[in-house]
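The values are calculated or read from the model by the stated rules, or taken from the named source; none is laboratory data. In this text, all values refer to a predicted model and were calculated from it rather than measured experimentally. Cβ coordinates were reconstructed from backbone atoms using ideal geometry, including for glycine residues, and neighbour counts include every protein chain displayed. In case anyone asks, the SASA skips ligands and DNA or RNA and just uses the protein heavy atoms, side chains included. Shrake-Rupley method; radii C 1.70, N 1.55, O 1.52, S 1.80 Å.
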Amino acid sequence: MIQRHLSEPRLRPYLDASGADLQRAVDLYRWNARVAAAFWEVLGHGEIFLRNAIHDALADRHRRRQNPGTWFDDPRRELAPQAHSEIEVAKRRAGHVSAAALPGKLVAELPFGFWRYLLARRYSATLWPAIRHSFPHLHRGDRARLERPVIRLHLLRNRIAHHEPLLREDLGARRADLRDVLDAMDPRLTSWTFDDDFRLARLLTSRP
C-alpha cells in the first residue's frame, strides 16, 4: 500500500539503499524525513542570520554613501540582472507596505540563493569589502571561505525543500558548514543555534 502511495520512483533510492527490502526502505524513508526536518530547523536559523548580516552591511554602506532610497534600488547598477529580477519579484510579493517597512519585507521575501550569490567572486571588489565586516571572525576575511559552505548549504536546503533523498549527502559535513558560517559571524550564534540540536545529532548517528 505505502509503495503505491509514495510512488515507486520516489521509493526507489531507498529500496536500492536497503537491498530491495521494502520494510527497511520505508524505515529509511522515515529517517530521511526526520533528519530533513531537524536540519531544516537549524538551516532556517542560519539563513535568517546570514541574510540579516548581509542586509545590515549593505544598508550601512548605502547610508554612508548617502545614496537615495535603499541598497535594493542599486543606484550604481552593481547587482547582476538576476538579482534585479529577484528583487522585483520580492517587491510584488511584499505588496503595499510603507517605505520604512519595505526593506525588512524584501529581506524576508528574497530566496536563500539571492544572498548566496552576493558572496560570489563577481562582487569581490564592490560589495564584499562592506559585507566582510559582518563576518569579523572569518579567517583573514577570505570571501571564498564563506562562499563555499554557503553554496553547499543552499544546495542542501533545496534538496530538503523538494523532499529529495539525503542518503548520499555528507550531513555531518553540512552541519559543520553551518557551524563555520555562524562562527564567522559570531560564535554565540553557533551556540544558540545548536543549543537544542540533540535531535539532529541523534538522527545523524541512528540511520537505519
Pick from segment 1-47 the residues that are under 25 Å from ILE87 (Cβ atoms) and surrounded by 14 or more Cβ atoms within 10 Å (Cβ to Cβ): which of them is farthest from the chain's Cα centre (by Cα)? HIS45
From the residues in segment 93-113 that are over 16 Å from the mean Cα position of the chain (by Cα) and more than 16 Å from THR70 (Cβ to Cβ), which one is most open to solvent (accessible area, probe 1.4 Å)? HIS96
Considering only residues of segment 114-128 that are in a helix (DSSP H, G or I) and open to solvent by 60 Å² or more (accessible area, probe 1.4 Å), which is nearest to ALA161 (Cα to Cα)? TYR117
Does GLU78 meet the test of being part of a loop (DSSP other than H, G, I, E, B), over 26 Å from LEU178 (Cβ atoms) and modelled with pLDDT of 95 or more? yes
How about segment 132-161: which of its residues are within 13 Å of LEU50 (Cβ to Cβ) and in contact (Cβ under 8 Å) with a residue 60 or more places away in the chain? SER134, PHE135, VAL150, LEU153, ARG157
I'm told ASP74 meets every condition in (1) under 28 Å from ALA173 (Cβ atoms); (2) open to solvent by less than 40 Å² (accessible area, probe 1.4 Å); (3) more than 22 Å from the chain's Cα centre (by Cα) except one. Can you identify the failing condition by its number? (1)
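Listed here are the residues, each with its yes/no results for (1) modelled with pLDDT of 95 or more; (2) buried (at least 17 other Cβ atoms within 10 Å of the Cβ); (3) of a type in the set (Val, Ile, Thr).
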{"position": "ALA161", "(1), (2), (3)": "yes, no, no"}
{"position": "PRO165", "(1), (2), (3)": "yes, yes, no"}
{"position": "ASP170", "(1), (2), (3)": "yes, no, no"}
{"position": "ALA176", "(1), (2), (3)": "yes, no, no"}
{"position": "VAL181", "(1), (2), (3)": "yes, yes, yes"}
{"position": "PRO187", "(1), (2), (3)": "yes, no, no"}
{"position": "ARG199", "(1), (2), (3)": "no, no, no"}
{"position": "ARG202", "(1), (2), (3)": "no, no, no"}
